[in-house]
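Chemist: One structure, pasted below without further comment.
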Amino acid sequence: MKLISPDASFYLTILGYQYPDAAGEPFDANWLSIHVEAAGLDGAWTGTDPCLLTYEVVRLADWLESVANARIFSPAISFLEPVLLFRLVDSERGRTLRIHFGNLINPSWRQLDGTREPGANPDIWLDFPLSDTDLAQAARDLRQQMKRYPDRAEQ
């Protein structure tokens, strides 16, 4: 999945199942290792974490598609592990997709011990104006990646 704006970029790649040999367990069998490459005005970073379940990736693709088609059912989508949060915000640039990053996929240059430069924002996110962002393509890319990683156990 790829999102690009003039001020930010976000790439999400599914690396595989966290537990390739797990079978039948609703959670262990379906955890996916997710790799993120992100860049914004403050810098660039990468991170990898088993933070999404197979069916959460499908939900994310459905949500992105609903936003792209202006059939928004919810202004945000979050997941069991609070590593990524996608939400819609209204900004000076119009309606924007904002991606928030939890501690496990925060940039290495970001201090997570509570200390930061004066005036620095305690949260980290990237904004993608909807007018400049192809969410339908992002949803298709997630669905394409998921063909290799189907659900392996009932939810």
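Here, each number is a calculation from the coordinates, and none is a lab measurement. Values in this document were obtained by computation on a predicted structure and should not be read as measured data. In this analysis, Cβ positions are derived from the backbone assuming ideal geometry, glycine residues included, and neighbour counts consider all displayed protein chains.
Chemist: Which residue is nearest to Q137 (Cα to Cα), if the candidates are limited to the stretch 22-32 and must be surrounded by 19 or more Cβ atoms within 10 Å (Cβ to Cβ) and hydrophobic (A, V, I, L, M, F, W, C)?
Modeler: Selected residue: L32.
Chemist: Mind telling me which of the residues I105, I77 ends up being closer than 15 Å to A138 by Cβ and buried (at least 17 other Cβ atoms within 10 Å of the Cβ)?
Modeler: Details: I105 fails: closer than 15 Å to A138 by Cβ.
After ruling out the rest, the residue left standing is I77.
Chemist: Filter the stretch 51-74 down to the residues that are among the small types (G, A, S) and assigned to a helix (DSSP H, G or I), then identify the one that is surrounded by the fewest Cβ atoms within 10 Å (Cβ to Cβ).
Modeler: Step one: filter the stretch 51-74 for residues among the small types (G, A, S), giving 61, 66, 68, 70, 74.
Then keep just the ones that are assigned to a helix (DSSP H, G or I); that gives 61, 66, 68.
Numbers: A61: 21, S66: 16, A68: 19.
Ranking the qualifying residues of the stretch 51-74, first place goes to S66.
Chemist: For residues in the stretch 1-21 being outside any strand (DSSP E or B) and in contact (Cβ under 8 Å) with a residue 24 or more places away in the chain, which is nearest to R140 (Cα to Cα)? Talk me through it step by step, then tell me what you get.
Modeler: Let us first name the residues in the stretch 1-21 that are outside any strand (DSSP E or B), namely 1, 6-7, 18-21.
If we keep only those that are in contact (Cβ under 8 Å) with a residue 24 or more places away in the chain too, we end up with 1, 6-7, 18.
Numbers: M1: 8, P6: 22, D7: 23, Q18: 23 Å.
Here the answer is M1.
Chemist: Further question on the same structure: Select, from G94, G102, G24, the only residue that is of a type in the set (G, A, S) and in contact (Cβ under 8 Å) with a residue 60 or more places away in the chain. Quick ask: steps written out before the conclusion?
Modeler: Values: G94 fails: in contact (Cβ under 8 Å) with a residue 60 or more places away in the chain; G102 fails: in contact (Cβ under 8 Å) with a residue 60 or more places away in the chain.
Sole residue among the options that is of a type in the set (G, A, S) and in contact (Cβ under 8 Å) with a residue 60 or more places away in the chain: G24.
Chemist: Oh, and also: Are any of the residues in the stretch 33-44 outside any strand (DSSP E or B) and either surrounded by fewer than 18 Cβ atoms within 10 Å (Cβ to Cβ) or among the charged types (D, E, K, R) (or both)?
Modeler: For the stretch 33-44, residues outside any strand (DSSP E or B) and either surrounded by fewer than 18 Cβ atoms within 10 Å (Cβ to Cβ) or among the charged types (D, E, K, R) (or both): present.
Chemist: Looking at the stretch 122-142, which of its residues are part of a helix (DSSP H, G or I) and either over 14 Å from the mean Cα position of the chain (by Cα) or at positive phi (or both)?
Modeler: Residues satisfying the conditions are L130, S131, D132, A136, Q137, R140.
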